[in-house]
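Okay, structure first, notes after.
The values are calculated or read from the model by the stated rules, or taken from the named source; none is laboratory data. Since the model is a prediction, treat every value here as computed from it, not as a measurement. Counting neighbours? That spans all protein chains shown, and the Cβs are built from the backbone with ideal geometry, glycine included.
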Amino acid sequence: MSSHRLDPELVRKHLLAVLPETGGDLTTAEIRQLLVRWAPGLVNETVYRNLLVLEHRGEVRRLRRPGRRHVAWAIATPDPHP
């Protein structure tokens, strides 16, 4: 299955499922590796693009870690002080 034929909402559903299972704090490439059995043609760019959509929706958050080249991703936690 090539990544350009994947339904973006289905990709996002899988992204939202895999992050809590792993505790989050995964890079784009690490997330793609976890999804490659589901979608062998999935590429980092597709994963990243869909993570950006989820970030914009407030469903995931980008984590910047000192000393690390790549950002990591985690499920967004609700703000306790809205």
- Message: Here are the criteria: (1) within 15 Å of Val11 (Cα to Cα); (2) touching a residue at least 12 places away in the same chain (Cβ under 8 Å). Tell me which single one His70 does not satisfy.
- Response: (1)
- Check whether at least one residue in the range 64-72 is under 11 Å from the mean Cα position of the chain (by Cα), among the aliphatic types (A, V, I, L, M) and modelled with pLDDT of 95 or more, and report yes or no. no
- For the range 57-79, what are the residues that are loosely packed, with under 10 Cβ neighbours inside 10 Å and either under 18 Å from Gly24 (Cβ atoms) or among the acidic types (Asp, Glu) (or both)? Arg64, Pro66, Thr77, Pro78, Asp79
- Query: Hey, among the residues in the range 1-44 that are assigned to a loop (DSSP other than H, G, I, E, B) and of a type in the set (Asp, Glu), which one's surrounded by the most Cβ atoms within 10 Å (Cβ to Cβ)?
  - Reply: Asp25
